[in-house]
There are 4 protein chains.
Amino acid sequence: MRVFTIGVALAWVALLGFTTSSLEAQTWRPPADNQRCPSKWGAGDERGAGNHMKPATVLRAAQLIKTGETIELSHMLAADMPLQSTRQFNVHTKRTVMNQPSNRRGSNEELLTSEVGQIGTQFDGFAHQSIEYSHYNCFKTDEIATRTGFTKLGIEKVGTLMTRGVLIDVAALKGVDILGDSYEITVQDLQLALQRQNLSLQPGDAVIINTGWSRLWGKDNARYMKGNPGIGVAAAEWLAKQDPMLVGGDSPPVEVNPNPDPQVSLPVHQIMLVVNGIHLLENLKLDELTGKKIYEFALVLQPLKLRGFSGSTVAPTAIR
Amino acid sequence: MRVFTIGVALAWVALLGFTTSSLEAQTWRPPADNQRCPSKWGAGDERGAGNHMKPATVLRAAQLIKTGETIELSHMLAADMPLQSTRQFNVHTKRTVMNQPSNRRGSNEELLTSEVGQIGTQFDGFAHQSIEYSHYNCFKTDEIATRTGFTKLGIEKVGTLMTRGVLIDVAALKGVDILGDSYEITVQDLQLALQRQNLSLQPGDAVIINTGWSRLWGKDNARYMKGNPGIGVAAAEWLAKQDPMLVGGDSPPVEVNPNPDPQVSLPVHQIMLVVNGIHLLENLKLDELTGKKIYEFALVLQPLKLRGFSGSTVAPTAIR
Amino acid sequence: MRVFTIGVALAWVALLGFTTSSLEAQTWRPPADNQRCPSKWGAGDERGAGNHMKPATVLRAAQLIKTGETIELSHMLAADMPLQSTRQFNVHTKRTVMNQPSNRRGSNEELLTSEVGQIGTQFDGFAHQSIEYSHYNCFKTDEIATRTGFTKLGIEKVGTLMTRGVLIDVAALKGVDILGDSYEITVQDLQLALQRQNLSLQPGDAVIINTGWSRLWGKDNARYMKGNPGIGVAAAEWLAKQDPMLVGGDSPPVEVNPNPDPQVSLPVHQIMLVVNGIHLLENLKLDELTGKKIYEFALVLQPLKLRGFSGSTVAPTAIR
Amino acid sequence: MRVFTIGVALAWVALLGFTTSSLEAQTWRPPADNQRCPSKWGAGDERGAGNHMKPATVLRAAQLIKTGETIELSHMLAADMPLQSTRQFNVHTKRTVMNQPSNRRGSNEELLTSEVGQIGTQFDGFAHQSIEYSHYNCFKTDEIATRTGFTKLGIEKVGTLMTRGVLIDVAALKGVDILGDSYEITVQDLQLALQRQNLSLQPGDAVIINTGWSRLWGKDNARYMKGNPGIGVAAAEWLAKQDPMLVGGDSPPVEVNPNPDPQVSLPVHQIMLVVNGIHLLENLKLDELTGKKIYEFALVLQPLKLRGFSGSTVAPTAIR
C-alpha cells in the first residue's frame, strides 16, 4: 500500500500546492499522519479517551449522586425524528404469532432498518471519521473496513461509561434560549460559562455544551438539521487540551455547522475523533438539565456492543 | 370489539372445555382479564414494576458502589451471535463518503436490519407478550398495534433503570458450571442460594439468576438456542411476590425451556410481563460476575427510546 | 372462525344501519361474499382472469408482431421515483469484494429494502386487496396471511403473461395531453375512444387506458401521487364485463382518485381484484406508445415469482 | 488516478513476477485494459452484446412461435431458496390496513430486504464484475460506484430482451440427468450437442446450457450452492466468438465452479461480462424445457429497470 499512499499524497500536494499560501493563516489543516501517530495512548490503541474509564473515575462520579434523581438526556427514536438525508428509520411490526398450547401466548416483535450507529442521540466511535483515509491512531480505511463492519476501532470496544459530567451552558451565559444559527462558540465563552457556574474541568470529564438547539427537535426538524451553532476549531483544540473522556452537545454535530471557514467541512469531527481520539456525543436532549440548572452530575452512557460499528445510538442519563 | 372478544372467549371455552378437567391439577392457566386487571399499579398504567424506579431506589443502588469497578453484562451484537430463527442481524457498511473541502474528511456509517428490540442481551417490554390478545393491564393487541409499532406499552416509556442488583447463583448452589439442559429451578433453589449468599430480596430489586448457560454463547450457539434450564411457574410466582423491578437471566427466555408441562408455552413470560408487569432481562453475560462472586451491586440499564417497540437490546452493567 | 365472522358482520351492520338509506342511490357497495363466491373460475381458483393465459392467447398476440419493434412501458426504479408514503426504496451498494486468485476478480452487488410488490410500474395480485377481510374467491385474510407472506393468492401463481394489448387513449379522444386531475372516465369515453381507434375489445385482452398522467412521473412527483384521473365504478363494471386478462393505466391506482363519491375508497380496486379477479397494472409509462399511436400490440409481462407476495414490480413491453 | 493505477499495477507485477513462469501455459490471465478497450461496440458503450437487441432480432424470435406454448424458466423466489452466503431474502408482511369508508377496503403489502439484482434466476449486468477495479469497456469502479448504485453500466440500460433461444443439452449428450459435480464442459461437448440437436448458433442468440443442475434446487440446496459443472475458459472463449446476446445456464455461475485451475476464480465471469460484454443468465430452471426436448424457441426476458444495479432477478420464458 506504500505506493498508493505516496502516490495520493503527491497528487494531493500538487492539487493544493498553489492555492493555499494565502489561506494558511485562517484555515485549519489536518495534521499529517506522522504528526499525530502513534496517539498519546500508545501505538495500536483503539480506545482513545475511553481509556479514562477506570474505577477511580466511576467512584468520583458515584460520589456526585446525592439525591438519586435521574435526568434523561436522549430524544425519542422514531420515524418522525430529525434524520440526516442519507439515513432512515423504518420500523415494521411483525404480525402477532399466537402460540398453540393451552396458555395461548401471543408474541410480538418488530423489524428495524436503520443506521443505528448514527441516529437519534448518538455516540461517535473512531471508525466514523477519517482524514483522507486515515483514522485515529492511523488505522487505514481499506485495511479495517469490510462489507459488514470494521475490524478495528469498532464501537463494541467502548462499554459503559460513567464519569463526572459537566454542563457548560453557553446559551445561559449569553442570556438566550438558543444561540444564533451560525454562532461559533469561542474559548472565552467556555471559560466564562464555567466561571459563571463555579466549575472547572478535570481530565476524564464528560463535557456537555448547551446551545439550546435541542429545543427545535420535533418542533422544527428542517431547521434542526440545516445547520447549527457550536464549537469551532479554536474551542475544540482548547477542549482537547483539557483531556476529557468525551465532548457532547445538543445538535447533530456538536460543532458549528457549516464551519465559518468555507474551506473546511466539520473540522471538529477530525480534531476530536481522528487527531485526539475523543468521542463525540450528539443530539443530546438538554432542556431538563438546563431548566434545573444542573451543571455537575454523574453521567452514565451505555454504547451498544455493535461489533465493528462506527457508533451507537444511546440513551444517556445524568444522575445527581 | 365486545362482540369479537366474547365470541372468541366462547370459542375458546368450547375448544378446551372437555379436555381440561384431568389436567387442571398440574397445568398453569393464565388468569382471566378480570382476575388481573386493573394491575396493582392502577388502571391505564403502562410502566408496571418500572414504577419502582424512584430517587430512593437509585440512591440505595449508588450506595453499593464502593470501588467503582464495572462489570459488563452484555454479549457482542454480531451476525454470528445466537439468534431465534425468526430474527436476523444484517449489517452493511455504507461506502466511505469523502467530503471535498480541504480537510478531506472521510465519513462512514452502516445500515442494520434487525429486530433490535429482541436481539442479543435484551430487555422485554409489555407489548412483547399477551394472553390471547390481551396484554399487561388488559391493553388489547388490535387496539394498540399498528404497522409501525405499538401506541401503548412501548419500550420508550421505561428510561434508565438503576437499582440494587442481586445475583442468585443457582449453578454455584448446585456445584456445577451449568445446570442440566432441562432443569427447572425451584423456589427452594432460590431460597437456599440466597441463604448461601447471605442476602435477601427487597422490593424493587433487579433479580438476576445464574444457570451458567451464558458459557455456551458463541461456543455452541445451536445448543444455546435449543432449550435451557431456568425458573418455572412456581419459582416465577414466588419471585413475583417479592415485588422486583425486573427478573434477569443468562438464557434466551430466563425461564426453563421447554416447560416441563407440554401443555404450556413459556408461561413465565405471561406471569411476568402480562400478569404482573415485571420486565425480563435476557441473554445476560454472567461469567465475570459469578467468577468474582459478586452477588450484590448497582445494576444500570438503559433501554433505548424506541417508540412503540416491544423491547430493546441493552448493554447493562454491574457496578460495585 | 365462524363466531368471529358473524360477530364482526353484526357489528358492521349495526354501525352502518342508520346512515345508509339516503346514500344507497349513488354509493357503490361491495357485494356480500355469497353474491360473489365462488368466482366464475371455480371455487378455490387463485388465478382469476389469469386463466385467460393459454397457448391460443399467446399465438394471437404473437401474430400482431409485424416489425419486431419493442416499446418499453415501465418507469425507472430509483429512490427518487414517486412513492406512496408507506413505501420506500433504499439501495445500498455492498463494497467491492476482491477475490484473491490470480485473475483478481472484483465483485459487486447491492442490497435493496423495498415493498417490491408495490413499487414502480407494478402488477397487483389478489392478496393485495380485500372487502373487509375477504379476498378474491372469499379467501380470508387471517387464514392466508403469515408474517412472511400469503399462503394463497400469491403473485408467484401468475407467470409470464402475453396477450393482445389494446391501448384506449382517452386523453387523445378529449384532445388533451393530460386529463383533468379529478376526471372520472365514463363508459362512453371508453366506447368512443375505441370507435375512434377502430378497435373492439376481446375476452382475454390487456386493456391499457391512457390519461396522460405518466407525463408527470419524475417531473412533478408530488402531484403525480396526490390524486389522478381514471376510471370510476361504472367504467370498471363495464370493463369487467368485457372479460379482460388485466386492466392497466398510467397512474398509481388506474382508477380516479379520490373517487368522486367520498363514501368510498378506491372501489375499482375491489371491483377488479376482489369481485372479478382481474389484475391491475399500474404506473405504466405510456408516452412512447401514445406518441406513436400504437393502439394494438402484443403485451408481454413477467411478474416475478415472489412466493406469497401481493404483487410484483414489472417491466412490461409492447411489441408490434 | 493515474498514479494510483500505475502504482497498483507495479505492485501487482512485483507480487506475481517470480511465481508465474511455470503456470503460464495453463492459467488464464485477464487481458490488460489496452488489450480489451474500447470494446467492439465502441468506446463508452454500456450495452455490450445487448446491442444485438434490434427489431430484426425480435422478429426472428417471434417467427419461432408456432403453438403459443410458454415454458417458465425461473425458480420460486422465497426465503428457503439456495442463496449465496453473503445474500438474504427477508420478507415481512405489513399488517393489513383497513380503510375507513363504507367499502371497507383492506390493503396488504410486504417489505423485502434482499440483494434483488443477484438472487434466484438472475441476469448479470456489467457493474457486477471487474478485472482488478476495471469493468467492461474499462469503466473504473471508483469512478462509477456510489453508496446507492453505479452511475454507469446499470442494469436499467438493458430493457426487454427477445431473441432466438438455443438450448444446448450437454447432460442429454452425455446420457445423464446431471453432469458430474466438477465437470468442465468442453468446446467439443458444445459442438457435438448442437450437432445432435441439428442446430447451429447465430449471432445474437441466447445460448442456454443444460447441465441438469437445476434438479437440485429446493431438493439439496447445500450441494446446489457448493460447486457445480459448467463451461470453463476454453468453452467460454469459443462461445464468445459465436457472438451471442447472452449465455445462460442452470447453476449459480453458469461456469464450472470451482475452476479446475486453482489459480483462477470464476474466470468465465470476467471473459463474458468484463472482456466481451456478454450478459450471463443464471439459476435457470430447465427441467420442463429439457423434458420436452425444446431446443429452439423465442426467449423473452425482462430485467427490471433498477437504476444503477449490478443485475436483476428475472422470470424469463421460452415460447414456441
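Here, each number is a calculation from the coordinates, and none is a lab measurement. No experiment lies behind these values; they were computed from the predicted model shown. Virtual Cβ from ideal backbone geometry, glycine too; neighbours counted across all protein chains shown.
General remarks:
- Working note: 222 nm ellipticity from helices only, DSSP H runs with n ≥ 4, each -39,500 (n - 2.57), summed and divided by the residues of chain C, gives -5500 deg cm²/dmol to the nearest 500.
- 13 Å Cα-Cα reach of D:Lys157 towards aspartates and glutamates, excluding residues that sit fewer than 8 places from it in its own chain: C:Glu72, D:Asp45, D:Glu46, D:Asp124
- Cross-link reach is defined here as a Cα-Cα straight distance under 17 Å, omitting same-chain residues fewer than 8 places apart; for B:Lys66 the aspartates and glutamates meeting it are B:Glu296.
- Springs join every pair of Cα atoms under 10 Å in this Gaussian network model of chain D, and among D:Gly44, D:Gly232, D:Gly120 the largest mean-square fluctuation is at D:Gly44.
- Each of D:Ser312, A:Ser214 was scored by other Cβ atoms within 10 Å of its Cβ. Listed from fewest to most, they are A:Ser214, D:Ser312.
- Axis-proximal residue of chain C for the rotation onto chain A, reported as residue and distance in whole Å: C:Thr113, 3, based on Cβ position.
- Greater than 25 Å apart at Cα, pairs in C:Lys40/D:Lys292; D:Lys54/D:Lys241; B:Lys152/B:Lys305: C:Lys40/D:Lys292
- Label point of B:Leu192 (7 Å along Cα→beta-carbon): distances to the other copies' equivalent points are 7.0, 7.6, 9.3 nm, sorted ascending.
- A full extension of the chain between A:Arg223 and A:Gln100 corresponds to an added length of 39.2 nm, given 0.36 nm per residue minus the alpha carbon distance.
- The calculated FRET efficiency for the pair D:Lys40 and D:Gln202, based on their C-beta separation and a Förster distance of 22 Å, comes to about 0.80.
- Taking a straight Cα-Cα cut-off under 13 Å and skipping sequence neighbours fewer than 8 places away in the same chain, the aspartates and glutamates within cross-link reach of D:Lys219 are D:Asp80.
- Cβ-vector label at 7 Å, A:Pro203, separations to other copies in nm: 4.7, 7.7, 9.0
- Gyration tensor (alpha-carbon) shape descriptor, chain A, a/c threshold 1.5: oblate
- Relative exposure of B:Ile119, A:Ile168, judged by other C-beta atoms within 10 Å (fewest first): B:Ile119, A:Ile168
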